[in-house]
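Shown next, in structure tokens, is the structure this report addresses.
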């Protein structure tokens with residue numbers, strides 16, 4: 001089921017929308033948060049990494065929102081439910097293994 005969620009996330013229309021959001025929102029955030037550093041003394045490796053993450057966060061947020069909307073529209077399981085089921089499954093497996101050693 002998780003593969004189905006990621007298949008939706010990799011659709012070209014969703015990728016393009018998320019990239020556009022990341023470019024617009026990421027650029028605004030980059031100017032707000034790092035504009036002074038860029039204008040004053042250039043970029044260090046640390047600043048470059050921070051700027052990259054500034055674009056990555058809106059990309060992930062946009063992708064998550066779009067895919068969850070598609071899942072609701074198509075009556076598919078959301079990633080929140082999938083992650084919850086995964087954690088429960090691992091929790092049960094852990095306790096099953098722990099009780100075998102008793």
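The values are calculated or read from the model by the stated rules, or taken from the named source; none is laboratory data. This is a predicted model, so every value here is computed, not measured. Heads up, the Cβs are rebuilt from the backbone with ideal geometry, glycines too, and the neighbour counts pull from every protein chain shown.
For this structure, a couple of remarks:
- Out of 37, 21, sole residue that is in a helix (DSSP H, G or I), more than 25 Å from residue 84 (Cβ to Cβ) and in contact (Cβ under 8 Å) with a residue 40 or more places away in the chain: 21
- Residue match in the stretch 30-52 (condition: loosely packed, with under 15 Cβ neighbours inside 10 Å and on the phi > 0 side of the Ramachandran plot): yes
- Restricting 94, 86 to residues that are in a helix (DSSP H, G or I), at pLDDT below 85 and surrounded by 11 or more Cβ atoms within 10 Å (Cβ to Cβ) narrows the list to 86.
- Those residues of the stretch 59-77 which are at pLDDT 85 or above and not in a helix (DSSP H, G or I), in sequence order: 74, 75, 76
- Among the residues making up the stretch 70-80, those that are out of contact with any helix residue (DSSP H, G or I) (no Cβ under 6 Å at 6 or more places or on another chain) and surrounded by 13 or more Cβ atoms within 10 Å (Cβ to Cβ) are 71, 76, 77.
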